[in-house]
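Notes for the one structure printed next.
Quick note: the coordinates plus some simple rules give every number you see, no bench work behind them. This structure is a prediction, so every number in the text was calculated from the model and none was measured. FYI the Cβ positions are ideal-geometry reconstructions off the backbone, even for glycines, and counts take in every protein chain you see.
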Amino acid sequence: MDEKILLAELTKNCGKKKEKVLELLKAFDLANLGYKMQEQQCKDVHNRVLTEHEFFCVREFKRGTDINVGDRITDDEFLFLLSDEDFDRVMKLSRPIMVEEKITDENGYFLENWAEMRCDARCKLVEYIILEIIPEALRPIFWENRIRITIQEKLIKITKEAFGIAA
């Protein structure tokens, strides 16, 4: 394939579709932000429960931690070091707080499903990039791999760079 022809088609597509791409990028970034905020809210609740109640490490894990078996766990990041029973207890103690703070309902389902919104926004953005921006000759290869997260992330990063948006 002639690179000059592909580059000309890409340039033309970027110019004509810029507004829509920017709109989809904003939606994706917003969904990403919502997801991160919700994730932080959950961590904050778990950390509060870990601070107010005593939970101890039962699993040996040396990579990047100074936590030993028998040490108190006070950070959500190390929930995996708890026994299954203690983990379940942290979740049980967290649930009423999550409901009170309007993060989840009584059954533990998020009131705003930011993970799903982020996934949907990512898919819409990636599909639009493939179908409308990428030169037609290259579309089948990208379309075939559109659900691979590494391909999605690379396409989004390249698109942001092409449109002058900090990644």
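Residue farthest toward the positive end of the dipole of the stretch 37-154, with Cβ of Lys/Arg at +1 and Asp/Glu at -1: which of Phe142, Val69, Cys42?
Phe142
Using Cα-Cα distances under 8 Å and only pairs 6 or more residues apart, what relative contact order does the chain have, in percent?
25
Fully extended, how many nm does the chain gain between Asn47 and Ala137 (0.36 nm per residue separation, minus their Cα-Cα distance)?
27.3 nm
Using a/c under 1.5 as the rounded threshold, could you call the stretch 26-110 rounded, prolate or oblate? The axes a ≥ b ≥ c are square roots of the C-alpha gyration tensor eigenvalues, and prolate needs a/b larger than b/c, oblate otherwise.
Oblate shape, in that a/c is at least 1.5 and b/c is the bigger or equal ratio.
Per DSSP H run of at least 4 residues, take -39500 (n - 2.57); add these up for the chain, divide by its residues and hand me the 222 nm value, nearest 500 deg cm²/dmol.
My calculation for the chain gives -21000 deg cm²/dmol from helical runs alone.
Sketch the reach of a paramagnetic label on Lys16 as a point 7 Å from Cα along Cα-to-Cβ, and name the residues of the stretch 129-143 whose backbone nitrogen lies under 14 Å away.
Only 131-137 pass the distance filter.
Using all alpha carbons of the chain, what is the percent of pairwise distances in each 5 Å bin, ordered from the shortest bin to the longest?
Histogramming the chain at 5 Å steps yields 1, 8, 13, 14, 12, 9, 10, 10, 8, 7, 5, 3, 1, 0 percent.
About its Cα centre, what dipole magnitude does the stretch 22-167 give when the only charges are +1 on Lys and Arg Cβ and -1 on Asp and Glu Cβ, stated in debye to the nearest 20?
620
If you consider only alpha-carbon coordinates, what radius of gyration and Dmax does the stretch 71-167 have, in Å?
Answer for the stretch 71-167, Rg first and Dmax second: 20.1, 58 Å.
Pop a pseudo-label 7 angstrom from the Cα along the beta-carbon direction at both Lys62 and Lys92 and give the gap in nm to one decimal.
3.5
Please list, in order along the stretch 74-79, the HN-Hα scalar couplings obtained from phi with the Karplus expression 6.51 cos²θ - 1.76 cosθ + 1.60 (θ = phi - 60°), rounded to whole Hz, x for Gly and Pro.
Once rounded to whole Hz, the list reads 10, 10, 3, 4, 10, 4.
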